[in-house]
1. Between residue B:96 and residue A:433, how high is the FRET efficiency from 1/(1 + (r/R0)^6) when r is the Cβ-Cβ distance and R₀ = 25 Å? Nearest 0.05.
2. Only Cα pairs under 8 Å and at least 6 apart count here; give the relative contact order of chain B as a rounded whole percent.
3. ³J(HN,Hα) across the range B:132-145 via Karplus (A = 6.51, B = -1.76, C = 1.60, θ = phi - 60°), whole Hz, x for Gly/Pro?
4. Let me know the mean shielding of B:36-45 by other chains, meaning the per-residue number of their Cβ atoms within 10 Å of its Cβ.
5. Which order do the peptides B:17-24, A:431-438, B:425-432 come out in when sorted by mean C-beta neighbours inside 10 angstrom, highest first?
6. Take the alpha-carbon positions of the range A:218-329, form their convex hull, and give its projected area averaged over all directions (one quarter of the hull surface) in nm².
7. Regarding the range A:163-247, what are the three Cα extents along the principal axes, ordered largest first, in Å?
8. What Rg and what Dmax come out for the range B:95-210 when only alpha-carbon atoms are used, in angstroms?
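Computed from the coordinates by the stated procedures, all read-outs in this text should not be read as laboratory data. Predicted model, so just to flag it, every value in this text is computed and none were measured. Here the Cβ positions follow ideal geometry from the backbone for every residue, glycine too, while neighbour counts run over all protein chains shown.
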2 protein chains.
Amino acid sequence: MDARLDALRQILPGPRLLNAPDDLEHYGRDWTRRWTPAPLAVALPATVEEVVGIVRWAREHRVALVPSGGRTGLSGGAVAANGELVLSLERMNKVLAFDAIDRTVEVQAGIALEAVHNIAREHGLQYPVDFASRGSCSIGGNIATNAGGIRVLRYGNTREWIAGLTVVTGAGELLRLNKGLVKNSSGYDLRQLFIGAEGTLGVVVEATLRLAAPPPPTRTMLLALADFDAVIRAFMAMRAGLRLEAFEFFTSLALKHVVEHGAQPPFDDDYPFHAVVEYAHEGEADEAAALALFERGLVEGWALDGVIAGSQAQAAQLWRLREGVTEALAPRLPYKNDVSVRISALPAFLHEAEALISAEYPHFEVVWFGHIGDGNLHINVLKPTDMAQADFVRDCERVTRLLAEVLARHGGSISAEHGIGLVKKPYLTGTRSEEEVAAMRAIKRALDPDGIMNPGKLFDP
Amino acid sequence: MDARLDALRQILPGPRLLNAPDDLEHYGRDWTRRWTPAPLAVALPATVEEVVGIVRWAREHRVALVPSGGRTGLSGGAVAANGELVLSLERMNKVLAFDAIDRTVEVQAGIALEAVHNIAREHGLQYPVDFASRGSCSIGGNIATNAGGIRVLRYGNTREWIAGLTVVTGAGELLRLNKGLVKNSSGYDLRQLFIGAEGTLGVVVEATLRLAAPPPPTRTMLLALADFDAVIRAFMAMRAGLRLEAFEFFTSLALKHVVEHGAQPPFDDDYPFHAVVEYAHEGEADEAAALALFERGLVEGWALDGVIAGSQAQAAQLWRLREGVTEALAPRLPYKNDVSVRISALPAFLHEAEALISAEYPHFEVVWFGHIGDGNLHINVLKPTDMAQADFVRDCERVTRLLAEVLARHGGSISAEHGIGLVKKPYLTGTRSEEEVAAMRAIKRALDPDGIMNPGKLFDP
């Protein structure tokens, strides 16, 4: 162990500073699996004060830090491949306080999303940010990417639910931001700057999360649809006529993979597109409205088939068809695009994107799914089994560059909810102007003067 | 006219650069009336390009800029008393685009809040930020202070409704931020930084505002209450049992002034406190729930009397009792506090604040009202007629300093929705730590390197 680590061990005694090869590999990578983990060591602080100590140590010794949560990220934001110290929040996973009057829960950043769901539910409330990696992703990571998921349509992104944030900046300063207030017009809302910053400005150590009243009783419908236009027509009709809690879509190819992974096929026939629609169901009027909309869809031609779950178990089965996609594809290490446009721009964008992708990937399986009600599409490309991984990624990056141009023309974003990290960095300026990136760099210098916070992620120094 | 203005006239020909004494006075002040207006001149740009030209001119000539909207601010954020150029957005008040699919309206920053309400209503939607100065305040000013108002309880602050923001930074760069996207995880959300920055980082020139589905049918109830504890008990009971759209309170002294100003007294008897409660009324069950809650209040002792409006006109009359307070007090030039704490901290804070204020202002009329459901209180102190204005302000500032200490102990904010401007600047560090203020200064230097944007507001350089 080098002298720098000897100094760090003063702050983190015993088994809270790791550098065994297994640990370096485990903590040095996220779900991308594209970079070879090579951190200097792994720090597992237990308190805010220890995090402050680590950041000040890093400034003094000019060591780069990679803040690390559940490492379920898909953009390489938590990868440590260049001798960085991994600053894992794993041991800081406690609930600090619950307040029934404020409807908030204060947590350490390392707590899993699902644990927050459970606390909220125990108190008759909900934390409405939700997505498939809920069991292993951490709230700190959710905040660092402003995570979205399957309930954004109704409840918004993570940003909406952060009433207070405690961070340690790259300068080693501890800031307690907004402290749970509903209204506070006292200067720059620095809290917002750390949300979505992917750990490049500082480390999120604690958060005060807003909780919501529990969702209404809902019903879940699965629709079979002919094409993208039908998906959008279905969304517009359902949004106007129902109180939507979620509207998600996936293609027949996504369904094929989920069914191969063990899910039950929903229809006897094969249809090109599917939408999972969850809507408030507080009485017979809601059910009648849903059925009338479905029948209108059959008449107008955008709906081809449909089923409404008759029980919670059936609803879960329908949801599994959508939520199981990522897991079903995972063994194939898909190349992932996570793009968004305004909803109004979806038809034109989809038309161009579909044409681009079928022209550029004639021989690849391309799986489309996602949060169509938010203008957010996941496009997963599967590597042919006989192709070398490096060749595959190179080809996908070439097409992503073209896709970024299409997105720029339609005012879209190259990353809707995964973050930029390492994976999307080459395409950032398709979404954010040079002037915006220059402003971001200037802000990074202001809060992280030595450039120790997750360097090389998001943009190069 | 000096040589600097000759150069500026190249950018702003004709009557769009003013420096007649009347104009300097009119555009140099806001609703505070505490500083003597003394701007260099007043610029009235008509396009984004002209704003860019003005900012670049200001950098070149080292002239300070004061962005200016409806100048209805209560903290002096739009005061120009030191030879600044007033950059008025008055002529940039157009609607640029409405989109029914995205449910957004794109506007120039100088448009009045009420004009946005009207556009939304014409399209069967609502823009839910609302407060009494709606007719004269501008959207740009709303954004600069993250304006709140009477619907925050249900719909949140201005921040929640800004889908895209076009700004000119103090460096003279034009940034088009977020472009109306629902999901966008592509680096720092700079949009959030300009919201609530009081024009100290740049000028907001255009905004894309989200619109919401229209509110449900509502009923309005006025409650008479015995004390602050009763107000909070009433709020907790009503929040649990009804779908609240608003919950506002005011004291008997506020009522007295509004009635003197022409409003109808609601009850025969005089009660210490009142709350205006607006709740969703979609059927008889809602009405029964409201009545049951009121009767419970009578039994439990927190409600002393009450009335439910039987018509729209009656509801407007009840609302006028609350909304008319600011206007009724205006001729007295009240000294205003606009403070907030977490809702859970309200009882303890109110207890201390009330004791402080009755001890420190034994001979002054002190009017309490505000958005109790958001933890936001307005405390307006009226000058005795025989007291000199300067002595009065000095005394109020002494008490505000003590109040700021109480707030700091309860984790509150010295400005909930009015901003810091000039008025609250001496108390900022009671709400934001020295480290936070240092971070804000560093960010200001990053985006406004020459310090030309509204200097001396919020904090000193």
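1. The value I calculate is 0.85.
2. Relative contact order here is 16 percent.
3. Result, rounded to whole Hz: 4, 8, 3, x, 10, 6, 10, 4, x, x, 4, 5, 5, 10.
4. 0
5. Result, highest mean Cβ count within 10 Å first: B:425-432, A:431-438, B:17-24.
6. 6.4
7. Sorted largest first, the three principal extents are 55, 28, 22 Å.
8. Cα-based Rg and Dmax for the range B:95-210 come out at 13.3, 40 Å.
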